[in-house]
Amino acid sequence: MTYRAAVLAFGALFTVVAFEEKIKDDFATKQNDDPLYKKIIEHIEKKQEFVLDEKDFSIPEVYRHMKNNLGRYHLVDDKLYYQSEKGLSLLCVPGSMREEFLRYGHENIFSGHRGVKKTKSILKRRVFWPCFNKDVEKWVRSCIPCQQRKRAPANSKLPLHPLETPLCQFDRVSFDICGPYPISEDGNKYVLAFCDHWSRFIIACAIPDKSANTAENRLDLNEFMVS
Ligand SMILES: [Zn+2]
């Protein structure tokens, strides 16, 4: 066996052991502490009706998921599992442990920080939770060590030039969109920021998406113009 093969084999063994460590002892208790899983477990164990009301779900995708997939949840040895479309029984990770599992799927002392595809493939063979794909993508994209290691392509930076001083208000303005942030009660998840370079006056407003149409419709500059 070559050195590389030995490292990979040990890495794979380490991954399996690390996973088994995570699901020991109080995993079922932690599933019961998760409000959504508690409701599903009671529905399965006590055959209680699962009342689905969209207002009870802060994330619309979770509501849609539950509406279509409640029948896929089942219990094995007191632990809640989800049957995937491929027929795999996937362990349901409670909200309190998702960060730990994301870290487990993304970071490995033998293979470093994996990309989105690899992180998903490691996790989705064993675990499940609603919005899994989105959470993995967000986790990998926001991983600081990965951002620090990412190299910019050669000559990708344009030279900076000082801007001319604007002559009056609204002579030069700039816009930017920040986010995504957690969805607000009004359904917004981005912040549109506007700055007038002459006065440094800033306007910020919440918007539901980052399309040009939404930004244009949301910010009516006429409201702020002084004639
Ligand atoms: Zn990373």
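This table checks each residue for (1) under 28 Å from P182 (Cα atoms); (2) in the same structural domain as K38 (by TED's automatic domain parsing); (3) of a type in the set (K, R).
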residue: K67; (1), (2), (3): yes, yes, yes
residue: E85; (1), (2), (3): no, yes, no
residue: L90; (1), (2), (3): yes, yes, no
residue: E100; (1), (2), (3): yes, yes, no
residue: K117; (1), (2), (3): yes, yes, yes
residue: V127; (1), (2), (3): yes, yes, no
Does S142 satisfy being within 12 Å of the ligand (Cβ to nearest atom), at pLDDT below 85 and assigned by TED's automatic domain parsing to the domain that holds Y81?
no
Specify the residue that is farthest from the ligand (Cβ to nearest atom); the eligible residues are those in region 87-99 that are touching a residue at least 12 places away in the same chain (Cβ under 8 Å) and more than 16 Å from C131 (Cα to Cα).
S89
Condition check: under 26 Å from P60 (Cα atoms) and either modelled with pLDDT under 85 or touching a strand residue (DSSP E or B) at 6+ places or on another chain (Cβ under 7 Å) (or both). Does C205 satisfy that?
yes
Give the residues of region 107-126 that are in a helix (DSSP H, G or I) and either touching a His at 6+ places or on another chain (Cβ under 6 Å) or at pLDDT below 90 (or both), sorted by residue number.
T119, I122
Answer yes or no: is there a residue in region 26-42 that is more than 19 Å from Q83 (Cβ to Cβ) and of a type in the set (A, V, I, L, M, F, W, C).
no
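The values are calculated or read from the model by the stated rules, or taken from the named source; none is laboratory data. Quantities reported herein were computed from a predicted structural model and do not represent experimental measurements. Virtual Cβ from ideal backbone geometry, glycine too; neighbours counted across all protein chains shown.
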